[in-house]
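Each value in this text was obtained by applying a stated rule to the coordinates, not by laboratory testing. Everything numeric here is computed off the predicted structure, so don't read it as measured data. Positions of Cβ are generated from backbone atoms using ideal geometry, with glycine treated the same way; all protein chains shown enter the neighbour counts.
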Ligand code: SIN
């Protein structure tokens, strides 16, 4: 196995490893350590069955089953399909997943540790452009770049998160599904459970309010923190190839799926979501 750091504040590429085969404990520890340090890992040229994807993901923790049950892979409810493909008049997966900056499952009490996305179909690249890239930012690097007064102030605040923030998402959920995603409150600055690094934990998809501030001040602070996190200096932009497996840390990163391709360009990704630990 070869590891090399990408030229960004986050991300490493891992070569010469086959994730469809069992991974011994020493190799797993190396992967896990690299993941804690770099927050995003990219494995190239993988060919995995759903069962192998699930097995690899389980090395990092228990797996979540997404609330949108209609987009789970048959026989593998741990795998969520993210796709614009339509079969027999029905979308096979969530077509607009992640097209606003977010971190997965910040809207639940115990958010996800990490997500592992496997690229099955990717829009055909043009001569000098790829389509359907995913951008990641380091919320730990974004925190480090704040001035100490601001860090101190943010450390006293909490924020409300809701899966139902966006009206088009709300419309897709049954009343029963809505009950499964009540609002939650998390600290604005959370501490990474492994590295101890402080991370900004406010995102434009799910954070609805800074608790205790008036609406105007709260909206302005959410916007300010989101714009700060989304700065190029904290970013890695992944240009997908079929067979890429990419995992990201849901405490120390935020991500955005770039929606720059049409319905005629199929994009199909399988995602597992690993359970995390309580936020502090
Ligand atoms: C996601 O937010 O989980 C999906 C990211 C992507 O499709 O690139």
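Quick look at the numbers
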| item | result |
| --- | --- |
| Residue exposure sequence - 138, 162, 174 - by fewest surrounding Cβ within 10 Å | 174, 162, 138 |
| Estimated inter-spin distance, residue 158 and residue 191, nm [label 7 Å along Cα→Cβ] | 1.7 nm |
| Cubic angstrom per residue, convex hull over Cα atoms of the stretch 77-195 | 176 Å³ |
| Estimated distance in nm for a label pair at residue 258 and residue 183, the labels positioned 7 Å out from Cα along Cα-to-Cβ | 3.5 nm |
| Protection-proxy order for peptides 246-255, 28-37, 196-205, each taking the mean of Cβ atoms within 10 Å per residue, highest first | 246-255, 196-205, 28-37 |
| Compactness of the stretch 1-158 - radius of gyration and Dmax, Cα, Å | 17.9, 56 |
| Contour excess over end-to-end distance, with Cα ends at residue 96 and residue 15 and 0.36 nm allotted per residue | 26.1 nm |
| Likely footprinting exposure, 4, 186, fewest C-beta neighbours within 10 Å first | 4, 186 |
| Largest to smallest principal axis extent of the C-alpha atoms in the stretch 123-249, angstrom | 50, 43, 30 |
| Relative contact order (%) - criterion: Cα under 8 Å, at least six apart; region: the stretch 110-259 | 45 percent |
| Cα-based convex hull volume of the chain per residue, rounded to whole Å³ | 137 Å³ |
